[in-house]
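To start, the structure under review is shown below, and the notes come after it.
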Amino acid sequence: MDSLLTSFDSWLAGNGPAALVVREHLMPVEGSDGVLFPATFAAGDGFEGGYNIDRFPDGRSVCLIDSVGSQANRIEPLFAQDGYADLTPQIVIKAGEKRVNLLEAGHRAGDAIVRCTALRDDLRAAFKAVQTGDAEPLAKLAPTSIVFGVWDSRDTQAKLPRLIVSTIRAFNVRALTRSAQYVPAAEYVADGLLPEPADKTTKDAYAVRGFIHVPAAGSHGGVIADGGIQRDAALHLAGLRLLNGGANAQALRRYILGLALTAFTYPAGGYLRQGCHLVMNPDKAREFQAVYGDGRREDATVTHDAAVAYARAAAKGFGPGHGREVEFDKELAQKDVSGDAGGSAEKRKGKPAKK
């Protein structure tokens, strides 16, 4: 048997590592004391909205810079790029004038955009197979849904946890505010170019369209991370070993491991958003370890090129499905909205769907 294909079999064995972990120490491009802008979140459940900063009685704090879901959505489209696209089926949905690769859909194989296509029945069958312990059909159609996790929450309720998790956090942060003043190009009202606004509605309309001065005071101004910034990622090999695929189980696990290692070792860019461009901290080394169930930690070394080569060999041994382009079906979507898509198991048995 090809030595490349078996090179990581020790990690798939029952006595192999529980997980691979990476810790990267990051800093803003402006420097370690630079201001960075974390993600902002809507208010709800007692949270007032804005930056997600947890503060502790001893004065320490932790700020979420990029969430698990956001990190997954940044990494997964890698498999649509040249040099990687041959590793997975390229499923493209044509919705009106837009073409959406399944790798870009927020809910992956459980997303509405693919559920309302000719692939609906194939995906439903794949999710039902997952519920009986067979992940092979889903791996043939949408393997990255296994790597990054999926929940078919609107139909079969099949759920697969993420094998890769990655989060960026900043520690001991000082939150800043900022203010701004919009100055219009001309004094439209004072110079008689527009009439004085007669009421608040008109004044608001002037402001929205840029015809009057608009102050913006005390808005979010970023944070300074006095305690540093960390990206912590884990590839859960213990979870991967639970995947079954009948007689093809080992080939399935090798294939998913190849995709996971490719994603795990990919040198993702650090430009997260305006005001949040992160690079490696040269004063702190990157940590890459294999962690065992008994707590042992061993340094691990897997280059990205080696991961891609292994993934390509594993894909050849497994045989993923072919890519295809399908149309978004408006009639299926309307039925889905009305609950008459023939979808859930309860509906097909003539039972009311659970709410």
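The values are calculated or read from the model by the stated rules, or taken from the named source; none is laboratory data. It should be emphasised that the depicted structure is a prediction, and the values quoted were computed from it without experimental measurement. Here Cβ is always computed from backbone atoms with ideal geometry, including for glycine, and neighbour counts include all displayed protein chains.
Here are a few things to note about the model shown:
One line per residue, one yes/no per condition, for (1) of a type in the set (A, V, I, L, M, F, W, C); (2) under 25 Å from G49 (Cβ atoms); (3) touching a residue at least 24 places away in the same chain (Cβ under 8 Å); (4) out of contact with any strand residue (DSSP E or B) (no Cβ under 7 Å at 6 or more places or on another chain):
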| position | (1), (2), (3), (4) |
| --- | --- |
| F148 | yes, no, yes, no |
| A170 | yes, yes, yes, no |
| A175 | yes, yes, yes, no |
| E187 | no, no, no, yes |
| F211 | yes, no, yes, yes |
| A217 | yes, yes, yes, no |
| I229 | yes, yes, yes, no |
| N244 | no, no, yes, yes |
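- Just one of the listed residues (I93, I168) is of a type in the set (A, V, I, L, M, F, W, C) and either in a helix (DSSP H, G or I) or farther than 27 Å from E24 by Cα (or both), namely I93.
- Restricted to the stretch 165-194, and to residues there that are within 30 Å of the chain's Cα centre (by Cα) and of a type in the set (D, E, K, R), the residue that is nearest to G228 (Cα to Cα) is R169.
- Output for the stretch 266-292, where each listed residue is within 23 Å of R241 (Cβ to Cβ) and at pLDDT 95 or above: F288, Q289, A290, V291, Y292
- Strands (runs of 3 or more DSSP E) enclosed by the stretch 270-312 - at least 3 residues per element that are within 16 Å of A233 (Cβ to Cβ): 287-291
- Helices (runs of 4 or more DSSP H) fully within the stretch 106-162 that include at least 1 residues being assigned by TED's automatic domain parsing to the domain that holds G69 and closer than 20 Å to H236 by Cα: 120-131, 136-141, 144-147.
- With respect to being modelled with pLDDT under 95, buried (at least 24 other Cβ atoms within 10 Å of the Cβ) and within 21 Å of the chain's Cα centre (by Cα), G106 falls outside the description.
- Residue-level analysis places A139 among those that are buried (at least 16 other Cβ atoms within 10 Å of the Cβ), in contact with a Leu (Cβ under 6 Å, 6 or more places away or on another chain) and closer than 16 Å to A263 by Cβ.
- Scan the stretch 21-42 for residues that are loosely packed, with under 12 Cβ neighbours inside 10 Å and within 21 Å of the chain's Cα centre (by Cα) and the total you get is 2.
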